[in-house]
1. Look through the stretch 113-133, keep the residues that are without any contact (Cβ under 8 Å) to a residue 60 or more places away in the chain and open to solvent by 100 Å² or more (accessible area, probe 1.4 Å), and return whichever of them is farthest from Ala36 (Cα to Cα).
2. Being touching a residue at least 40 places away in the same chain (Cβ under 8 Å) and of a type in the set (Lys, Arg) is the filter here, so list the residues in the stretch 25-42 that pass it.
3. Among the listed residues Thr132, Thr124, Thr104, which satisfies the condition of being more than 14 Å from Asn41 (Cα to Cα) and touching a strand residue (DSSP E or B) at 6+ places or on another chain (Cβ under 9 Å)?
4. Looking at the stretch 3-18, is at least one residue out of contact with any Leu (no Cβ under 8 Å at 6 or more places or on another chain), of a type in the set (A, V, I, L, M, F, W, C), open to solvent by 40 Å² or more (accessible area, probe 1.4 Å) and at pLDDT below 95?
5. Out of Asp112, Asp102, I need the residue that is under 28 Å from His127 (Cβ atoms), assigned to a helix (DSSP H, G or I) and acidic (Asp, Glu). Which one?
Amino acid sequence: MLTGSCLCGGIRYKIKSELGDIMQCHCQNCRKANGAAFAVNAGIPKNAFSLLKGQELVSEYESTPGVFRAFCQRCASPLYSRRPSMPDILRLRIGTLDTKIDKTPSFHIFVDSKAEWHNICDDTPQHKEFPTS
């Protein structure tokens, strides 16, 4: 089991599954939503995610049609994103995990729109879009 929380600790969650592939997303929306060069996300089954505390603090913003980003109302920590077109999956922002993990990123996505001031300095595969296979 994995556990996590937002910056202020008002929201706490648990995950009863393994993380999917860890991806580093360089798209403009992820950069803006996280205030960083990229977001680090992992897919998890929606039914494996449960809030332990702070349901009333979770807000969502539809950043693009069909993409909802969940965050803490109090501290603005990004928690996950969801798509109604993929109802069984959440994309967890793994920076909110409190449990240590051994897994490392599998790939970079949307590298053609990465921040011009950031250099990717690892050997992790890079994709122009989300890989389909």
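1. Taking the candidates together, the pick is Ser133.
2. Within the stretch 25-42, the subset touching a residue at least 40 places away in the same chain (Cβ under 8 Å) is 25-28, 30-31, 33-34, 37-42.
Once the filter is applied, which keeps residues that are touching a residue at least 40 places away in the same chain (Cβ under 8 Å) and of a type in the set (Lys, Arg), the stretch 25-42 yields only Arg31.
3. On the way: Thr132 fails: touching a strand residue (DSSP E or B) at 6+ places or on another chain (Cβ under 9 Å); Thr104 fails: more than 14 Å from Asn41 (Cα to Cα).
On inspection, the qualifying residue turns out to be Thr124.
4. no
5. Working: Asp102 fails: assigned to a helix (DSSP H, G or I).
From the options Asp112, Asp102, the qualifying one is Asp112.
The values are calculated or read from the model by the stated rules, or taken from the named source; none is laboratory data. A quick note: this is a predicted structure, and the numbers were derived from the prediction, not measured. Counting neighbours? That spans all protein chains shown, and the Cβs are built from the backbone with ideal geometry, glycine included. For the accessible areas, the whole protein counts, side chains as well, though only heavy atoms, and no ligand, DNA or RNA atoms are used. Shrake-Rupley method; radii C 1.70, N 1.55, O 1.52, S 1.80 Å.
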